[in-house]
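Only one structure is covered here, and it is reproduced in the block below.
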Amino acid sequence: MISLISLRAVATVLGVFWLLTDTAGAQQTPRYPLDDKLANEPAPWAVPGKWGKRGNWGRWGEEDKRGMLNYITPEMILQAAALVKKGKVYALGEELTSDVPRVITPARVGIQVIQENDGYDRVAAKSGEFDPKRQQGAASFTFMHNHTGSHFDTLGHIYRENALYNNMPPPKALGTVQGDAASVIEMVGRGVLLDVAGYKGTDPLPVDYWITAEDLQNTAKAQNVEIRKGDILLVRTGWRKTWGEPDEAGRLDAAHTKWHRQQPGVGPDCLKFLNDTEIVAIGSDNAAVEWSFPVKPDYNRKAFGFLGLPLHVDFIWNRGAYIMEILNLDDLAKDRAYEFLFVLGPLLLKGGIGVPINPIAIL
């Protein structure tokens, strides 16, 4: 005969099982409804382009290496220059040191600056004394990954089907010159800041936050700024402030654990909006501009049936547009500087697939 204690034990076990099952079911509930919605949508880069096989391929000729930079006309630059009223300059790059954001490790090593021994006054270096009649000098070497800190993704960065943007040859270990940093030459035009963190009233935006196309449009509306064709669009998440935050115990966190979590960023649903508005370049204060990077190990992306970074593929490979990462947008946001003359003259690094940058915004 079954005792009352046994019945209670069985009920307890069943109750725990029900709770675990219910919790597991709740955990499996889609957390990203837009990701589910876009799961079966055709990828923008899978649709034949207007001028050729892909999006902007052939738009500016078969030999084009600059992509959307061709969209910016001298007239557009003059209009952007007319935005300069105060002569105030904002540097948008982060300071490059041996401890800078570099999500992919250990390949992307921190910057190493080495002083050139032969460049010093050898007498003064040893004795502390110097000859006032002699010139003293110093020099240094720099070793770094080109995608460390504030940097620019060139058209050589992303490729598919063994071809770069505009059906150019893929990168090679030696001699990559298609869509490299030297091909960029310059980027000057109207810059627009969308301070999404400020608009949402959450600064920084939450971990893994999906910035929707509606967020971008509503932010622009709240800021009373118009997004125009040919703009250089900067999106602020506020995430850079997590770089120096202490750990949970309030101690110095040399590993910058909070910064390296899944970051807020531009979601895949924004691609159509960005394409329709002919955005030339997009930049942000996070590690990859787009949503949820570093990639979550326990979640497979669904949008367009693609597991990678769709904005990178669409912007760089399909459209010939550009991406700038790990920018400093806080001062612009503080001053509510939402449109400005944007100026970038990257290192003309022949063969450079990425290049460190310090863009300038001028009001």
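What to note about this one:
- Over the chain, Cα pairs under 8 Å with separation of 6+ residues give a relative contact order of 27 percent.
- The alpha carbon convex hull volume per residue for region 239-299 rounds to 92 Å³.
- Candidate values [x] 21.9; [y] 22.9; [z] 23.6, label of the one derived for Kirkwood radius over Cα pairs in Å: [y]
- Listed residue pairs exceeding 23 Å between alpha carbons, taken from Lys53/Lys296; Lys37/Lys272; Lys221/Lys241; Lys241/Lys334; Lys241/Lys350; Lys50/Lys172: Lys53/Lys296; Lys221/Lys241; Lys241/Lys350; Lys50/Lys172
- The alpha-carbon of Lys65 sits under 12 angstrom from the alpha-carbons of these aspartates and glutamates, leaving out residues fewer than 8 places away in its chain: Asp180.
- Relative contact order of region 26-99, defined on C-alpha pairs under 8 angstrom at six or more residues apart (%): 10
- In a fully extended conformation the segment linking Arg228 and Asp121 would gain 33.0 nm over its present Cα-Cα distance, using 0.36 nm per residue.
- Mean-square fluctuations from a GNM of the chain, with a 10 angstrom spring cutoff on Cα atoms, peak among Gly137, Gly49, Gly320 at Gly137.
- Relative to the longest principal axis of the Cα atoms of the chain, the long axis of helix 4-28 lies at roughly 30 degrees.
- By the Stokes-Einstein formula, at 0.692 mPa s and 37 °C, region 246-363 with its Kirkwood radius over alpha-carbon pairs has D equal to 199 µm²/s.
- Within region 53-103, GluC sites (Glu not before Pro) in DSSP loop having at most 11 other beta-carbon neighbours inside 10 Å: Glu62, Glu63, Glu95
- Restricting region 56-101 to trypsin sites (Lys or Arg not before Pro) in coil, as DSSP defines it, with at most 11 other Cβ within 10 Å: Lys85, Lys86
- Once C-alpha pairs closer than 8 Å and six or more residues apart are averaged by separation and normalised to the residue number of region 211-301, the relative contact order reads 38 percent.
- Of the GluC sites (Glu not before Pro) found in region 145-231, those that fall in a DSSP loop while having at most 15 other beta-carbon atoms within 10 Å are Glu161, Glu186, Glu226.
- Nearest-ten-degree value, helix 213-223 long axis tilted from longest Cα axis of the chain: 60
- For region 172-213, backbone nitrogen atoms closer than 11 Å to the point 7 Å from Thr277 Cα along Cα-to-C-beta are found at 192-195, 213.
Bear in mind these aren't lab numbers, they're just calculated from the coordinates by the rules spelled out. Note that the structure is predicted; figures quoted are calculated from it, not measured. So basically every Cβ, Gly included, is an ideal-geometry build from the backbone, and we count neighbours across all protein chains shown.
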